[in-house]
Amino acid sequence: MTYSRICLTTSFCLLMSLPLSAATLYISDELTVLLRSGPSGAHRILHNGLPSGTSLEFMSIDEDAGFTQIRTARGTEGWIRSQYLVSEPIAKMRLAAAQRSLRQSKSALAEEQAKVRELTQNTQSQDSANTTHLNRIASLETELEEIKRISSNAMQAHANNQKLQDVNLRLKDELDDLAEDRARLEQNAENEAIMIGAVLIFVGLLAGVLIKTRPQRSAWN
């Protein structure tokens, strides 16, 4: 059995396994394939060469002649040798599709990586901002404690000052009382001195009067 016979038989098997409506076939890895008006090499050529990878709609098959009736995407109907048809896209088309899929995957991956980098940067920025805020909070808490300490000292000093003022006022009152007592004592002393002086003067006067009124003795006596 020749190679072409094997290919033809394989193609027949593949075509017979396909449903008879809306099946899609592809030109195999040949450069170009003639499209004829009938199922033989003697029929009129409708297209000088359909390129490999062309998508065709399956219509019917002539197993004896080895031709398959198809319809092109433009609506042209004709016959092609079955050995040039395959039921799956050729390797070149699959490769192109895989490359497109790969490009799309790479693009999607790049987008996701960009999103991850952006999220990472945002997270780092947020962490930096949080660290700054935490440091500021700690600084403010330290300042608050210092203010509380100073306020407490100031309040204590104020209380001490108030106590000192109270003591000063009390001492001033006591000094005023002592001054009044001293002035009163000095006044009393002056009064007593005056009275004593007056008594002494009175006594002196009285003594003088008594002396004058005393009878005098004569010289003879």
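Worth pointing out:
- Test: L144 is at pLDDT below 80 and in a helix (DSSP H, G or I): no
- Members of region 45-90 found to be assigned to a loop (DSSP other than H, G, I, E, B), more than 60 Å from the chain's Cα centre (by Cα) and farther than 14 Å from L35 by Cα, listed by number: E63, D64, A65
- The residues of region 44-64 that are hydrophobic (A, V, I, L, M, F, W, C) and touching a residue at least 24 places away in the same chain (Cβ under 8 Å), listed by number, are L46, L50, L56, F58, I61.
- Members of region 24-52 found to be modelled with pLDDT under 70 and surrounded by 12 or more Cβ atoms within 10 Å (Cβ to Cβ), listed by number: L25, Y26, I27, S28, D29, E30
The values are calculated or read from the model by the stated rules, or taken from the named source; none is laboratory data. All values reported here derive from a predicted model rather than from experimental measurement. Note that we place each Cβ from the backbone using ideal geometry, even for glycine, and neighbour counts take in every protein chain shown.
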